[in-house]
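The structure appears right after this line, and notes come after that.
The values are calculated or read from the model by the stated rules, or taken from the named source; none is laboratory data. Predicted model only: the values in this text are computed from it and were never measured. Note that we place each Cβ from the backbone using ideal geometry, even for glycine, and neighbour counts take in every protein chain shown. For accessibility, only protein heavy atoms count, side chains too; no ligands or nucleic acids. Shrake-Rupley method; radii C 1.70, N 1.55, O 1.52, S 1.80 Å.
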Amino acid sequence: MEGHLLNIIYLIASVLFVIGLKMLSHPETARRGNLWAALGMLMAIAGTIVLHHHTSLEPIKIGLIVGGIVIGTIIGAVAARKVKMTKMPEMVSLFNGMGGACAGLISLIEFSHLTEAGGTPTTKTVFTIVSGLIIGSVSFSGSMIAFAKLNGTLSKSVRLPNYNLINNIWLLATASLAGYIVFSGTMNIMFIYGVFAMALIYGVLFVVPIGGADMPVVISLLNSFTGVAAAFGGFLYHNQVMLTGGILVGSAGTLLTIVMCKAMNRPLFNVIFGAFGEGAATTGGSSTMKGSIKDISISDLAVLMNYSKRVIIVPGYGLAVAQAQHVIHELETLLEERGVEVKYAIHPVAGRMPGHMNVLLAESNVPYEKLVEMEEINPEFPNTDVVLVVGANDVVNPAAHNNPSSPIYGMPILDVENAQHIIVNKRSMNAGYAGIENELFYNPKTSMLFGDAKVALTKLVAELKTL
């Protein structure tokens, strides 16, 4: 009876996962979708603890399990509430790495159980354990490197000579040792620890050379790795809800990776082995661009925007850094009260993780219908009076269209250069995350508004109120 009830709970939890994932596809339902999926996970955990047939689960072990859940819940809740929007990408990497670590540890423990039990396990069982170990370990160590890159701890990519060859040889060696364990029938615990160590090292080698501008794609890819590793755990335990959750995460992460690669016009192979933007960095002090830079005063910009009919705002990572999402919403509201149509142009890879700008603006209660994706907003730029670019760089760089030698050539961008007036708010003339100069700054229609986004926009709002 308990077994049947547990299977029903797992089925309901799996359905809630699917419903939650579906609801996450739209901003208006995303919050509820997250709660539905969380409810499914809560049901699965509670059902497993209460109803699963345990042969040797002593009270002290139950206490450890519950204690672990409580501690983890407190840490996760506090971290999620305290994290700043600028730190959200590295938190996603950190949490994803923890999922990979769990999958790897499960494999290590289950292999130890097999060696203690004696006998000859099936090839399928050993294959499942080893696969989960490798993928989970790569996800863990790779996510930690991604965290360090996003956090600024590891500011530069490390590129060894012939690093592609080194990585491939290391991966082949790891796969070879894993294959020997699976097909030889050996149960030597040192071999599985060897695979564990080699997979951890490969995760580091895998992410360390990748350029900073590709980190959103890497985060998405590592997220899919964690899902696949969890799915192997579901196979191992014959646990339907674990299998369903892992497959959903793995497939969603894979699809998102493909979508982001398409948005950057870069094949995944090139993302992994190309180190986008590395070595291309130039700064304002060593500019090779031709043309002059114009700046604009707050008062002139206020007058220009006040008498415009259509304004498009392009948010970027600089907006998140300055925590200016609330004041930009105030600017939008103020302009609309004066009859100005305002929209936000959202590039798929703006920020440091997928959907970063959507989440940032949703935090300040910007209406969802004002967030317009690249394909829909690009035809509107020629009929736009003013484009205000706040903290964005590479996603508006015309070099993607004009310069075949540029690392971003061919990448779809927001066509802000077609607007009547272009205002770019930046702290300095430094290159963007891809490490290349922006041709847009030298466009005759472009005026630069230098300074911290929150400070500049606050002054702009104050000036508009006096008109």
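Rolling a 1.4 angstrom probe over the range 298-413 with all protein chains present gives an accessible area of which 50% lies on carbon and sulfur atoms. Here TYR237 sits with roughly 90 square angstrom of accessible surface, probe radius 1.4 Å. Fully extending the segment from ASN34 to THR125 would add 29.5 nm, taking 0.36 nm per residue of separation and subtracting the current Cα-Cα distance.
Principal-axis analysis of the Cα atoms of the chain puts helix 88-117 at an angle of about 10° to the longest axis. Between LYS445 and HIS4, the contour length at 0.36 nm per residue exceeds the alpha carbon distance by 151.9 nm.
Given a Förster distance of 41 Å, report the FRET efficiency between ALA148 and LEU467 from their Cβ-Cβ distance, rounded to the nearest 0.05.
0.30
Residue ranges 163-172, 246-255 sort as 246-255, 163-172 when ordered by packing (mean number of other C-beta atoms within 10 Å per residue, highest first). Among the protein heavy atoms, those of LEU24 account for about 90 Å² of accessible surface (1.4 Å probe, every chain in place). Bridging of LYS343 to lysines at a Cα separation below 28 Å is possible for LYS22, LYS84, LYS87, LYS262, LYS294, LYS309, LYS370, LYS426, LYS445, LYS454, LYS459, LYS465, once same-chain residues fewer than 8 apart are set aside. Computed on the Cα atoms alone, the convex hull of the range 1-153 gives a volume of 159 cubic angstrom per residue. Return one number: the angle in degrees, 0 to 90 and rounded to the nearest 10, between the long axis of the Cα atoms of helix 123-151 and the longest principal axis of the Cα atoms of the chain. Its long axis makes an angle of about 30 degrees. Distances between every pair of Cα atoms in the range 110-215, grouped in 5 Å steps from 0 to the bin holding the largest one, split as 2, 12, 21, 19, 15, 11, 8, 6, 4, 1, 0 percent. Computing FRET efficiency as 1/(1 + (r/R0)^6) for SER299 and LEU64, where r is the C-beta to C-beta distance and R0 is 41 Å, gives about 0.05. Annotation for LEU105 and ILE258: the two label points, set 7 Å from Cα along the Cα-Cβ direction, are 3.4 nm apart. Overall, the accessible surface of the range 37-140 at a probe of 1.4 angstrom is composed of carbon and sulfur to the extent of 74 percent. The angle between the Cα long axis of helix 27-51 and the main principal axis of the chain comes to about 10°, on a 0 to 90 degree scale. With each label modelled as a point 7 angstrom along the Cα→C-beta vector, the VAL15-GLU336 pair spans 3.8 nm. For the pair GLU373 and PHE183, a Förster radius of 45 Å applied to the C-beta separation gives a FRET efficiency near 0.40, rounded to the nearest 0.05. Between LYS82 and ALA117, the distance separating the two model label sites (each 7 Å from Cα on the Cα→Cβ line) works out to 4.2 nm.
Per residue, the chain exposes 48 Å² of solvent-accessible protein surface, assessed with a 1.4 angstrom probe and all protein chains in place.
The gain in end-to-end length when the SER405 to ILE71 segment is fully stretched comes to 115.1 nm, 0.36 nm per residue minus the alpha carbon separation.
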